[in-house]
Structures are given as structure tokens and as C-alpha cells.
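Notes for the one structure printed next.
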Amino acid sequence: MTKLFSSIASIGLFGLLWSPLAQAQIFNAELGSTGPYRTACWGFNGTTIDSSIEISGSYTVRTTNSVNTSTIGEQSIVTPWLLINSGNISFKLKTDGGSATNRTVHLSYIPHKWSGEEEGTPIHFFSESLADPSDPKVRTYSIEVPWEILRDTHYTKIMISFTGSGGEGRIALDDFSLHGNTAADPTRNCTIDETRTYTENVISIFGTEGYSTLMFEDLWPGLGDYDFNDLVLGIKGERLQRSKDGILKEIRLTIQPRAAGAAFDNSFGIHFPSIPIWAVEEVRGTVKGKSVIFNYLPNGAEANQSHLTVIVFENVRTLIPANNPFLVGVPDLEPIVIHIKVNEGADFPAGTEYDMSPFLIVNQERGREIHLPGREGTDLADPSLFGTASDNALYKEVRYTSKENGLPWVMFIPADVPFMREKNNITEGYLKMKEWAKSNGSKYQDWFIDKPGYRDESKLFKK
Ligand SMILES: [Ca+2]
Ligand SMILES: [Ca+2]
């Protein structure tokens, strides 16, 4: 009887604290003690709930004693298992005004391991040392949920932890919120309730977890030497979508610069001809510098475009110095990570991003864009260049292929492949590529794979 009663009580409480229908989940400590929260699967280590430090309402959760540890987790609050959505984690902090040399707040996430309902090793993702920690003012935090939580771990706990040294000061927390739902079952020792399903998920855009390769010739509309190493980039991409209907919420692209075997100060951008500019909330992560030719909207997208154009980097020379075109003997460059957030209510289906067009802008001449074959160019492409020199536009109506040999100026290869040594034609390194191109792509569709007879390794660049 007692057991049954406590189960029912728990379910009621569970609903009260974490309504599964609500998007923003809020912990406000107003149940007045840790007991009911523990029942609802929260964890408290060296922390307690009382009314001694006020933030909002009557109660806060505070460190039981002075914060005096350098170990993350020793004085902490841990959420139940959650299914976390994108957005921000927010909370308020206040110290009690006691003496304090330093006090730091940390956020970590605890991934779930399926073997035996275990907690994985906590992964730390945010720290901030409190400025003037003995000042008992209310401090408000809002921290973006790391993409890794959305991708790698579905069931996750969040741990808020405090470390510090010197003095007697304690810290209180209140009004903790994030987007998502609880996935803990208080009636089963707070283990995971597998009936709860994800409301968002992350999907690979290019169908591979690894890098794909982009290679450019930069003399368009003139013919190049076809070594395709004037700019070489690794690229991979993921999107965040709403699970129930596949509505696109966010795009994340990871771009690794690999070579800039060109004399030019080239730029690199990505055009999304199916995403109108009004639908973009924010573009983040682009690399500025050594350029004066770009203008931006407040959301970070390029201005004067009807559809989203992301200038990934303004000048490759901010990334790869002119005298080191192939990065010989240096570690891989840190990749550039671009986040594109779609406006709430802009209901594009996932996949709207597929027709993205990566392009090179030649030597700081904004209108000189080089795209993959058949692409249109952005609103800022100079139309007077189409069909000039070797560009095919006026002949076969396929822009960005050459009228001499049908070859493109840009190649997107859906695999992580090596690029050419300087001045070696790509068909001398990738031996089946010529037949692939001649057959309009019907033969040797796997020309870039490392199979016997497919490559001349002596022509390919090795780090
Ligand atoms: Ca409160
Ligand atoms: Ca070249």
C-alpha cells in the first residue's frame, strides 16, 4: 500500500515539476526541500534547498557549506535523465555576500550508456569564474546547448557544479530552465523511460560522417591547369530537424581548409538558393579579415541577396599563408564550424539545404563567382562573365563547364580524398576520371576511390 501510494505521488510530482508537454522545463526550488525533487529524480551533492539566499520566489538551491573544492561535481545539482532540445540553458545565481576569493560555475553533461542504465563520464562544456564573487547580486546566465548533446547523446543529464577557494561564501541557484522533456521514470528508480521519444534529431547531410572534398580551379572563365588545388577544402554537414515532421531547424557545416595553391586572395562562400533570406535567424562562425568587399545583414548572412549566402571566409590568406600553399608538415588546421539557424515558423522540410552551392570568389572581385557545373550563381555574380573565355554557358547552356573539354572548375567529391601535386593535371592522379567525364558520369562513378589502377600516387599530395 505504501509503495503504491508513493508511486502515485511520484507521478503527480513528476508532472508538476516537468510537464512533458512544456517545451521549457523549469526548476524553481519552490517545493521547499530536496526531498520531493530527489523523488522526481534530481540529484544534489553538497547542495540543499532552503530560503536563506533569495533569488525568486521563496526558495533556492544552495551549496550546503562554503564553496571550497576544485573538484567538479562535489558541490552540484544534477537533473534527471532528459531529452534535450536545441536552445539555451538558463539559470540565475547569487552568492550570499560572504567572503570569497574565487567562485566558478560549471556546466557538464552526463551521457547515457545503454549497458545497465549507467551514467557515462561527465563532459564539461561551460565554466565562468564569478567576477567579484562576494557581491550578492543576481547573475543571469543563458548558455547554448552544445551540438554534441543533440547529436551524440540523446538521453542526457545536466550537472551544474560550483568550485572555489578562499572565504566562507556560498552560492545559490534558481530558475533553471532548458528546452526538452524528462526521460526519467521515478517509479522505476529514475531509470530511463523508453517510451519518451526525441522531439529533435541530428542527421548527416552528405550521407557520411567523414569529410567530403571540394576542389577548385580559380581562373574561370579562363582555362586552368586542372590541378584542382587552387583551393581544397574538407566539408561535412549535419542538420537538426524536428522529429515528428522533419522541419529544418538548424544546419551545421564543418569546413577544413587544406590547400590554397593559388596566387589569388580567394574567398569561399555557400549559396542556399532554396532558403530565402527572411527565413534565417542567425549565421555564426564565419571568418572575417583581409577583405573589404563583403556586406552583411544583422543575422550574419551576406547582404543584397534574395537567398541565403554564407561567406565562410573572406580571404583564404587569413587561414593559409601565401608561402605555404600545401601546409607541409603542419598539423591539420582547426576546422571552421558554421551554424545556420532557421527562423521559428519558417517551416522548410529537412533537405531544403541539399541544393546548397559552394563557390569560390576570385581574388577579391565580388562578381567573379565559381560554382559547380550548372549552378546559377548568387544575386551578386557578374552576369557579363557567363559565356566568356572558356565558359560553356552560351553553348551548351551549362554554366561552369568548359567548352574545350567539358570539365568543371569545381568538384565536390563525396569522400575524403587527396589532392594533386602542383601543376599535375587531376586526370594524371585519378586515372579513371577522364573516362568518367567523357561518359557524362555514367562510367567509373567511383573514380575517386582508392582501387587498384585508379590512382597514380606519385601525382597526389602527401602530407
Ligand atoms: Ca525559487
Ligand atoms: Ca590550378
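Observations on the structure shown:
- 0 to 90° range, to nearest 10: angle between helix 2-17 axis and the chain longest Cα axis: 50
- Semi-axis lengths, Å, the chain, gyration tensor of Cα atoms, sqrt of 5 times eigenvalues: 52, 24, 21
- In plain terms, if you count all Cα to Cα distances in region 149-188 and split them into 5 Å steps from zero, the share in each step is 5, 12, 20, 17, 17, 13, 8, 8, 1 percent.
- Under the Karplus curve 6.51 cos²θ - 1.76 cosθ + 1.60, θ = phi - 60°, whole-Hz ³J(HN,Hα) for region 278-287, x wherever Gly or Pro sits: 5, 7, 9, 7, 7, 10, 9, x, 6, 10
- √(5λ) per eigenvalue of the Cα gyration tensor, region 103-143, largest first, Å: 31, 9, 8
- Theoretical ellipticity at 222 nm over the chain - DSSP helices of four or more residues, -39500 (n - 2.57) apiece, nearest 500: -2000 deg cm²/dmol
- Placing a label point 7 Å from the Cα of Phe412 along the Cα-to-Cβ direction, the residues of region 285-321 with a backbone N closer than 14 Å are 310.
- Per-peptide packing, taken as the mean over residues of other Cβ atoms within 10 Å, places 437-444, 100-107 in the sequence 100-107, 437-444 from highest down.
- A cut-off of 5 Å between modelled amide H atoms, ignoring neighbours fewer than 5 places along the same chain, links Ile275 with Leu308.
- Listed values for region 382-391 are Karplus-derived 3J(HN,Hα) couplings in whole Hz (6.51 cos²θ - 1.76 cosθ + 1.60, θ = phi - 60°), namely 7, x, 6, 7, 5, x, 8, 6, 9, 5, and x replaces Gly and Pro.
- Per-residue 3J(HN,Hα) values for region 123-133, derived from phi via the Karplus relation 6.51 cos²θ - 1.76 cosθ + 1.60 with θ = phi - 60°, read 10, 7, 9, 8, 9, 9, 7, 6, 6, 6, x Hz in sequence order (x marks Gly and Pro).
- Label point distance in nm, Tyr354-Ser99, each placed 7 Å from Cα along Cα→Cβ: 6.7
- Separation of alpha-carbon centers, region 209-259 and region 134-161, rounded to whole Å: 31
Where a number appears in this text, it was derived from the coordinates with a stated rule and is not lab data. Quantities reported herein were computed from a predicted structural model and do not represent experimental measurements. Heads up, the Cβs are rebuilt from the backbone with ideal geometry, glycines too, and the neighbour counts pull from every protein chain shown.
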